[in-house]
Amino acid sequence: MSMIIDARGLACPQPVVLTKKALDRADDLTVIVDNAAAMQNVSRMAESQGFGVSVDEKMDGIYLRLTRPVDESLGGKVPLLFEPTVLLVAASTLGRGDDELGSTLMRTFIHTLSESDIKPHKIIFMNSGVKLATRGSEVIDDLRALEKERVEILACGTCLAHFGLKDAVEAGRISNMYEITLALMKATKVISI
Amino acid sequence: MQYSVVLFHSITGALQAEKRLKKKGIATKLIPVPRQLSSDCGVCLRFERKDEVEVRRALEEERMDIQGIRAI
């Protein structure tokens, strides 16, 4: 089913809310917005649901065409249920027992992940894990490489504030409990380390 | 870029060497030992092969006990 939503003139988060509702029913949706922030928010939400996004900037608005991907192996008709793999990193060290070892394991894990063929869709840093995404971290280059490969990196804002690191984020972006909870609940697979 | 790695007998040794090489301005990266190599501990220090002479000299000066240096 195809639909058109005209979200011009609507304030945030209305365009995202309307789009989200429509995506439950439509396979092919055109959303018209009038500003870049709405375009990015709608695109991000649609991509997180597995929809393909194409953008056409016209004189009278930005047209976003959102299309549900199809599963070719099932005859190209069946909607693909796409939910991402999320990696939750809730500490700056990997495992318990010895922090020097734990820190080394975490660094080599993230480096290996950056070179792995299979990557998570999102990485969420919480508690002392946020230190890995901030200035002075030994894995900034690895995280940036992951971002280039379209891995979304989120750092818990509350945690950054607690460690006084809100201005020191060097990879990914600052997120909040709403977005993090939603990402975890929607994920088909959460890898928690 | 061409790389080589320093192999160590222990993680502690690898971390000490990393610190000392950093002080001397030599860029290294702590990585898992590549599959084709083996070592006593699972991590090694990767560096640009062009820095090999400097790395060897620095490790000798610091009397670091290493397992070897290999091209990767």
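Among the residues of the stretch A:114-130, the ones that are within 24 Å of residue B:19 (Cα to Cα), more than 11 Å from chain B (Cβ to nearest Cβ) and surrounded by fewer than 20 Cβ atoms within 10 Å (Cβ to Cβ) come to 1 in all. Determine whether the stretch B:15-31 contains at least one residue that is modelled with pLDDT under 90 and out of contact with any Lys or Arg (no Cβ under 6 Å at 6 or more places or on another chain). No: the stretch B:15-31 contains no residue that is modelled with pLDDT under 90 and out of contact with any Lys or Arg (no Cβ under 6 Å at 6 or more places or on another chain).
Of all residues in the stretch B:34-50, exactly one satisfies the criterion of being surrounded by fewer than 20 Cβ atoms within 10 Å (Cβ to Cβ) and among the aliphatic types (A, V, I, L, M), namely B:37. The criterion of at least 3 residues that are in contact (Cβ under 8 Å) with a residue 24 or more places away in the chain is met, among strands (runs of 3 or more DSSP E) falling completely within the stretch A:121-182, by A:122-125, A:152-156. Taking the conditions (1) away from chain A (no Cβ under 14 Å); (2) within 12 Å of the chain's Cα centre (by Cα) in turn, residue B:46 satisfies each one other than (1). Taking (1) over 27 Å from residue A:182 (Cα atoms); (2) surrounded by fewer than 18 Cβ atoms within 10 Å (Cβ to Cβ); (3) modelled with pLDDT of 90 or more in turn, residue A:72 satisfies each apart from (3). Take the conditions (1) at pLDDT 95 or above; (2) of a type in the set (Asp, Glu); (3) within 27 Å of residue B:13 (Cβ to Cβ); residue A:115 misses just one of them, which is (1).
Do we find that residue B:8 is aromatic (Phe, Trp, Tyr) and more than 24 Å from residue A:136 (Cα to Cα) in this structure? For residue B:8, the condition - aromatic (Phe, Trp, Tyr) and more than 24 Å from residue A:136 (Cα to Cα) - is met.
Counting the residues of the stretch A:93-120 that are of a type in the set (Gly, Ala, Ser), within 23 Å of the chain's Cα centre (by Cα) and outside any helix (DSSP H, G or I) gives 1.
Counting only residues that are surrounded by fewer than 16 Cβ atoms within 10 Å (Cβ to Cβ) and away from every other protein chain (no Cβ under 14 Å), which one in the stretch B:1-13 is nearest to the chain's Cα centre (by Cα)? Within the stretch B:1-13, the match that is nearest to the chain's Cα centre (by Cα) is B:9.
Return yes or no: is residue A:153 crowded, with 21+ Cβ neighbours inside 10 Å, at pLDDT 95 or above and on the phi < 0 side of the Ramachandran plot? For residue A:153, the condition - crowded, with 21+ Cβ neighbours inside 10 Å, at pLDDT 95 or above and on the phi < 0 side of the Ramachandran plot - is met. Answer yes or no: is there a residue in the stretch B:51-59 that is closer than 20 Å to residue A:108 by Cα and away from every other protein chain (no Cβ under 14 Å). The answer is no; no qualifying residue exists. Summed over the stretch B:12-63, residues that are in contact (Cβ under 8 Å) with a residue 40 or more places away in the chain, part of a helix (DSSP H, G or I) and over 19 Å from residue A:98 (Cβ atoms) total 6.
Against the definition (buried (at least 19 other Cβ atoms within 10 Å of the Cβ), in contact with a helix residue (DSSP H, G or I) (Cβ under 6 Å, 6 or more places away or on another chain), in the same structural domain as residue A:103 (by TED's automatic domain parsing) and over 23 Å from residue A:115 (Cα atoms)), how does residue A:160 come out, yes or no? Here the answer is yes, as residue A:160 does meet what is asked.
Scanning the stretch B:14-27 for residues that are within 14 Å of chain A (Cβ to nearest Cβ) and either acidic (Asp, Glu) or surrounded by fewer than 20 Cβ atoms within 10 Å (Cβ to Cβ) (or both) yields B:15, B:16, B:18, B:19, B:22, B:27.
Tell me which residues, restricted to the stretch A:26-41, are aliphatic (A, V, I, L, M) and not in a loop (DSSP other than H, G, I, E, B). Residues satisfying the conditions are A:29, A:31, A:32, A:33, A:36, A:37, A:38, A:39.
The values are calculated or read from the model by the stated rules, or taken from the named source; none is laboratory data. Quantities reported herein were computed from a predicted structural model and do not represent experimental measurements. For neighbour counting, all protein chains shown are included, and Cβ atoms are generated from backbone atoms with ideal geometry for every residue, glycine included.
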